[in-house]
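In what follows, a structure is listed as structure tokens, so that the remarks can point back to it.
Where a number appears in this text, it was derived from the coordinates with a stated rule and is not lab data. These numbers come from a predicted model, not from an experiment. With ideal geometry, Cβ positions are generated from the backbone for all residues, glycine too; neighbour counts draw on all protein chains shown.
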Amino acid sequence: MLETRYTLDTDTGHIAPAVDAAQVKDWDDAYVMHTYARLPVTFVRGRGARLWDADGKEYLDFLAGIAVNGLGHCHPRHVRAIQEQAATLIHTSNLYHTAPQAELAAKLMQISDFDKVFFCNSGAEANEAAIKIARKYGKAHGGAGKYRIVTAERSFHGRTLATVTATAQPKYQEPFAPLVPGFSYVPYNDIGALEAAVTDETCAVLLEPIQGEGGVYPAHKPFLEAARALCDKHQALLIFDEVQCGMGRTGKWWAYQHFGVVPDVMTLSKSLGGGVPIGACLARGDAAETLVPGDPGSTFAGNPLAARAALAVIETIEEEHLLANAHAMGEYLVHRLSEPKLRPKIKDIRAVGLMLGVELVQPDAKRVVREALERGLILNAIGDHILRLLPPLIITKEDVDEAMDVLSAVL
Ligand SMILES: *Cc1c(COP(=O)(O)O)cnc(C)c1O
């Protein structure tokens, strides 16, 4: 077995596990299914916006576990809440009441426009629940023929069979056909196409207010307004997938607040638990009353450990004013990216708070990500042209300056 030893870094005073990275890589290659093309780094420790690899090298994390580590790594409040809950009660099943789940539900309602929540463990599961609400709601309001769901091209909604069907990107879908019936797709931000696609047979329109995996594309306000009006006209539910853009990433709790369009159903996951797996499907009005015992369910969903972790995330965002910080640091990032040293290399900057897509002039994104990693900066590439930046909400001006120095050097 892998022997874990601990070493003291005399420079920083941190105690780090000593990990044999070569052994880790060998076992990973041999025994884990290759569903991810991993970069050649083994992380062993994190703190704030920083990570350390098995050699003790430090990295500045501008990806935050793909928008999961909103508080950064091992935030003391988050760690304390998890430790206390782990020592008190981890799991009992959903056959009983537990305090953290009820408290998290109440807290989510307090900071959003919704009435009720269904808890689950991931973004895909949250979207599955939303799809089930829509199908059941459609049947109740328009009969068996009202089951069609419209989603957007370039979207991402997850990898279960129904959510990969909702994900209108052929590369994710083709290996698993035939897909789930009843889905159709429109180009994102195309109001005419949406008007043509939504009919009385539509039970829902499912959209990301800001497309994440597709390359960071914010919706146009009139497109979301049109979606709202069409759903009202045809008695369909408007579902926003805020798995990536929700939970304060954009400088407001929810991306829909930037557009003044409130959906009937909203799905969350990623940074909800700050790294502890949890998902949620929030609904209001009739949509919130659609599901009954036995409809969806999930063994681990909203268990005390995950719910307590999520509560700590929300409380920390409030107490440390991280919405304001996400807004301010997002603006500062755009300002730095717009300086003469960087701007000529950049074709387009798409940013809402700390969700940024930087489209490069050259098809260089993968090289930039690799070389930035070598220099201790973690970024993400979408295709060959787009860099995605999703730093934790706690970053400082100094972090941004450091990241921009690396990016300038690499570009
Ligand atoms: C990541 C993501 C999902 C899927 O979440 P999982 O937890 O991986 O199932 C769904 N929707 C959006 C917008 C996402 O970014």
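Couple of notes before you dig in:
- In degrees, nearest ten, helix 123-142 long axis to first principal axis of the chain (Cα): 10
- Contact order relative to length of the chain, as percent, for alpha carbon pairs under 8 angstrom and 6 or more apart: 20
- Dividing the convex hull volume of the alpha-carbon atoms in the chain by its residue count gives 154 Å³ per residue.
- Kirkwood Rh and Cα Rg combined as Rg/Rh, the stretch 160-267: 0.95
- Helical content alone sets the calculated 222 nm signal of the chain at -10500 deg cm²/dmol, taking -39,500 (n - 2.57) per DSSP H segment of four or more residues and averaging over every residue.
- Each of M355, M109 was scored by other Cβ atoms within 10 Å of its Cβ. Listed from fewest to most, they are M109, M355.
- Annotation: peptides 65-74, 266-275, 91-100, ranked by per-residue average of other Cβ atoms within 10 Å with the highest first, follow the order 266-275, 65-74, 91-100.
- Annotation for the stretch 115-152 versus the stretch 367-411: alpha-carbon center distance of 37 Å.
- Gyration tensor (Cα) of the stretch 279-411, equivalent ellipsoid semi-axes in angstrom: 36, 18, 15
- Theoretical FRET efficiency, 1/(1+(r/R0)^6), r = Cβ-Cβ of I66 and A144, R0 35 Å, to 0.05: 0.35
- In the stretch 367-411, trypsin sites (Lys or Arg not before Pro) in a DSSP loop with at most 14 other beta-carbon atoms within 10 Å: R375
- Ranking of V276, V358 by count of other Cβ atoms within 10 Å, fewest first: V276, V358
- Difference of contour (0.36 nm per residue) and Cα-Cα distance, E315 to E58: 89.7 nm
- In degrees, nearest ten, helix 76-86 long axis to first principal axis of the chain (Cα): 70
- Nitroxide proxy distance, nm - points 7 Å out along Cα→Cβ at Q362 and T88: 5.4
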